[in-house]
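The values are calculated or read from the model by the stated rules, or taken from the named source; none is laboratory data. Bear in mind the structure is a predicted one, so any value in this text is a computation, not a measurement. Here Cβ is always computed from backbone atoms with ideal geometry, including for glycine, and neighbour counts include all displayed protein chains. SASA here: full protein model, heavy atoms, side chains in, ligands and nucleic acids out. Shrake-Rupley method; radii C 1.70, N 1.55, O 1.52, S 1.80 Å.
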Amino acid sequence: MNRMLMLLNLLEIIIPKRTSAPLSYQTRFIVISPKWRARDDNQASTMKIMVAIKRVVDYAVKIRVKPDKMGVETNNVKMSMNPFCEIALEEALRIKESGLASEVVAVSMGPSQCVDTLRTGLAMGADRGIHVEATSVLYSLTVAKILKSLVEVEKPGLLFLGKQAIDDDCNQTGQMVAGLLSWPQATFASKVVLDKEKQVATVDREVDGGLETLSLDLPAVITTDLRLNQPRYATLPNIMKAKSKVIKKYTPQELNVDIKSDLEVIQVTEPPKRKAGVIVSSVDELIDKLKNEAHVI
Ligand code: AMP
């Protein structure tokens, strides 16, 4: 056994350090060589997590369509962090607090006011912010391309997104960026467990029939569902601290992303108004209405 360890230590001197080595290559060595395990522990504790947080119309606001029917009114409307992005950020912060990551970087794309959303994220506990400034509408594929470029710059071990943005309800960006990066993905996460040694995330996903559990090699993309956690409120001292945290600015051009989209919005309309309900006087009348008026039974 000692001779084997000596041989492996010798091999470690001969084999050049391959930081970009495939995961399976690294894990094979973790099992056998204590030296490799020590290096891998260090790698995990220095893992960076990137979280995409979107600025959206606050969930409690009654949405109004613009008179030209080309979008919804956002002037003088309360804007907030997309609720699913808050959950994504909370999860990243919890992972960092448990010692499995060293830095949480929040990213937001859109107009200059996205900086406010980033400051909220920094006040919740993110270490740094990145703002990719764009004044025109950014569709999911463009956002995914920008995220891919940022991942190439920042090299996070995990990329968290909300499962969907409550303004466009696209539910596409996480899947698209995972595809562009060729990273494994787990969408609709309701539980995330990281194995630091194996560099694996085990994720429970909310699917129609219940829960599905996936095991993903890191780096990976995870999109978060409602039941994953309860996001924290920012405390006053943390709001003050957030003012001095760094927010780096990029333009899409600096990240080599063309924001021109093949999608065109034709029209935005409000959902049809619901008709007022009726009060029925008996079960028979209810059954009659369901059968003969609503045609549902
Ligand atoms: P969607 O695919 O548009 O429903 O958005 C899903 C998730 O992608 C959101 O919850 C965010 O995490 C991320 N995302 C989408 N657009 C943006 C944006 N402009 N800035 C930051 N994150 C975004």
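Using a probe radius of 1.4 Å on heavy atoms only, what accessible surface per residue do you get for segment 49-146? Whole Å² is fine.
Working: 4030 Å² over 98 residues.
About 41 Å² of surface per residue is accessible.
Considering only protein heavy atoms, with the full assembly of protein chains and a 1.4 angstrom probe, order TYR233, TYR59 by accessible area, largest first. Present the calculation step by step, with values, prior to reporting the outcome.
Numbers: TYR233 205, TYR59 175 Å².
Listed by decreasing accessible area, they come as TYR233, TYR59.
For segment 48-250, I need the span (max minus min coordinate) of the C-alpha atoms along each principal axis, in Å, sorted largest to smallest.
That gives 54, 41, 30 Å along the principal axes, largest extent first.
State the dimensionless ratio Rg/Rh of segment 70-134 (Rg: radius of gyration of Cα atoms; Rh: Kirkwood radius).
Values: Rg = 13.3 Å, Rh = 12.8 Å.
Here Rg/Rh amounts to 1.04.
Taking 0.36 nm per intervening residue step and subtracting the Cα-Cα distance, what contour gain separates HIS295 from VAL283 on full extension?
Length difference between fully extended and current span is 2.7 nm.
Long-range amide H contacts for THR223: which residues qualify at under 5 Å (H placed 1.01 Å from N, peptide plane, sequence gap of 5 or more or a different chain)?
LEU161, ALA186, THR187, PHE188, ALA189
Can you say what percent of the DSSP beta bridges in segment 48-250, counting only those with both residues inside, are antiparallel? Round to 5.
Close to 40 percent.
Counting only protein heavy atoms, what percent of the accessible surface of segment 48-250 is carbon or sulfur at a 1.4 Å probe? Numbers along the way, then the final one.
Details: 4970 of 9550 Å².
Carbon and sulfur atoms account for 52 percent of the accessible area of segment 48-250.
Listed highest first by mean packing, meaning other Cβ atoms within 10 Å per residue, what order do 138-150, 80-92, 285-297, 186-198 come in?
Details: 138-150: 21.8, 80-92: 24.9, 285-297: 10.3, 186-198: 18.7.
With the highest mean Cβ count within 10 Å placed first, the list reads 80-92, 138-150, 186-198, 285-297.
Evaluate E = 1/(1 + (r/R0)^6) for ALA276 and MET240, where r is the Cβ-Cβ distance and R0 equals 51 Å; express this FRET efficiency to the nearest 0.05. Present the calculation step by step, with values, prior to reporting the outcome.
Values: r = 50 Å, r/R0 = 0.98.
For R0 = 51 Å, the calculated efficiency reads 0.55.
Could you give the accessible area per residue of segment 216-276, probe 1.4 Å, as a whole number in Å²? Kindly include the intermediate steps, with their values, before the conclusion.
On the way: 4890 Å² over 61 residues.
About 80 Å² of surface per residue is accessible.
Suppose we take every Cα in segment 220-297 and form the convex hull; what volume per residue is that in Å³? Can you show the working numbers first?
Values: hull volume 28.7 nm³, N = 78.
Taking the convex hull of the Cα positions in segment 220-297, it is 368 Å³ per residue.
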